[in-house]
Amino acid sequence: MDRYHEMLMFTALSERPSLASAARRLNVSGPTVMRAVARLEARLGVTLLLRSTRGITLTEAGAAFMADASRILKAVDEAEASAKGLHVQAQGNLTVWLPLLFSRYVMTPVLTGYMDLYPEVGIFARYHDRTANLYEEGVDVAVLVGNLPNSSLIARPVGHVQSIVCASPDYFALHGEPDIPEDLCNHRLIATQPNQNSVQWPFQNQGEPFIVKARTRLSCATLQTAIDAAANGAGVTRCLSYPLYDYLKAGRLRRVLHAYDPPSMPVHVVYRERRNASMRVRSFVNYVVDRLREHPAMRLDG
C-alpha cells in the first residue's frame with residue numbers, strides 16, 4: 001500500500017501546478033506529499049521532479065514513470081469500479097486508427113453498431129493508409145491491412161483481403177475472358193487512380209511473382225468510379241476485394257485469373273495492452289473482431 005500511495009501522490013503532484021494544489025486534491029499536507037515523493041525517488045534511485053520558482057517539472061525519468069503510474073492507477077480505479085458494479089457499460093474516449101478505404105466500405109456500419117451498443121464511449125476515428133505507432137500517437141486500437149510490423153502489439157486476426165481482377169459478365173460476353181494475365185494487354189483496362197495511361201499489375205505463377213504492364217483505356221479519379229465503370233461494361237479493373245463483395249454476389253462483376261492472384265493480405269485488429277486494457281478497449285476489440293470475422297469481405301476466397 002505504501003507504493004500505491006507514493007505513486008498516487010507523485011501523479012497528483014506532477015499533474016498540478018503547485019505543491020499546495022496537489023495537497024488540497026489529496027486532502028493531506030504539503031510536507032506529506034513531498035516525503036512520499038522523496039521515499040519514491042530514494043527507492044528508485046532517480047530524480048523524478050525538479051522544483052523551481054516557476055513550479056514543478058518532470059525529469060525524463062519522471063515523465064516515463066508518470067505515464068506508467070497513471071496507467072496503473074487508472075486500471076486500479078476501473079477494477080474497483082467494476083467490482084462495485086459501477087461500470088455497467090464501457091465509458092470514456094477511444095482513439096482508433098482505420099485504413100481510409102477499408103473504413104468506407106467495411107468499418108462504418110461496424111462503428112455504428114458499436115456506438116449503439118456502448119453509448120458512453122466516445123470514438124475519435126483517425127483515417128490513414130499508413131501504419132500507426134500506437135504508443136507515440138496515442139492510439140488505443142487500430143485495424144491494419146497487410147503484414148504486421150514487428151512490435152509488442154497484441155494482434156487478433158479477422159480475415160484476409162485479396163487483389164482481384166474483374167469485369168461485368170456483359171463485357172466478357174463481348175470480349176471474351178482472359179486465360180492468362182498476359183491476355184489483359186488485349187482488353188480495355190480501367191485504372192483506379194487518375195491520370196494513369198498504364199498499369200503494372202502483379203501476379204504469380206506457381207509461387208513465382210511477375211508483373212503485367214499494359215495500357216489503360218479508362219483512368220478514374222476514385223476507386224468507386226472504376227468499380228461502377230467495370231460493373232457497367234466499360235472494361236476490366238483490379239482492386240482489393242473488400243469493395244467488391246456486393247457486386248460479385250449480385251453477379252454485376254465476375255472474377256477472373258484467380259489462379260494467378262498474388263498472396264492475400266491479412267487483416268488484424270491490434271491494441272497495446274492485454275491484461276491492462278481498459279473496459280472500453282476490450283469491448284471495442286471484441287465487438288470489432290466478431291463483426292469483421294463474420295463480414296463477407298473478409299472471407300472472399302472464390
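The values are calculated or read from the model by the stated rules, or taken from the named source; none is laboratory data. Everything numeric here is computed off the predicted structure, so don't read it as measured data. So basically every Cβ, Gly included, is an ideal-geometry build from the backbone, and we count neighbours across all protein chains shown. All accessible areas refer to the heavy atoms of the entire protein, side chains included, with ligands and DNA or RNA removed. Shrake-Rupley method; radii C 1.70, N 1.55, O 1.52, S 1.80 Å.
Structure summary
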read-out: Three semi-axes of the equivalent ellipsoid, the chain, Cα gyration tensor, whole Å, largest first; value: 55, 20, 16
read-out: Charge tally in the Cβ shell below 13 Å around Gln196, where Lys, Arg are +1 and Asp, Glu are -1, Gln196 excluded; value: +4
read-out: Accessible area of the chain belonging to carbon and sulfur atoms, whole % at 1.4 Å probe; value: 49 percent
read-out: Heavy-atom accessible area order for Lys74, Lys249, Lys213, largest first, 1.4 Å probe; value: Lys249, Lys213, Lys74
read-out: Reciprocal mean inverse distance between Cα atoms of the stretch 119-270 - Kirkwood radius, Å; value: 17.3 Å
read-out: Average accessible area per residue (Å²) across the chain - probe 1.4 Å, nucleic acids and ligands excluded; value: 54 Å²
read-out: Helix-only mean residue ellipticity at 222 nm for the chain, each DSSP H run of n ≥ 4 adding -39500 (n - 2.57), per residue, nearest 500; value: -11000 deg cm²/dmol
read-out: Shape category assigned to the stretch 90-199 from the gyration tensor of Cα positions, a/c cut at 1.5; value: prolate
read-out: Distant-in-sequence amide H partners of Leu94 (H built 1.01 Å from N, under 5 Å); value: Gly122, Ile123, Phe124
read-out: The stretch 178-195 residues near the modelled Ala221 label - backbone nitrogen below 20 Å, point 7 Å along Cα→Cβ; value: 190-195
read-out: Rounded to whole Hz, the Karplus (6.51, -1.76, 1.60) HN-Hα couplings of the stretch 116-129, x for glycine and proline; value: 5, 7, 10, x, 8, 9, x, 10, 9, 8, 10, 10, 8, 10
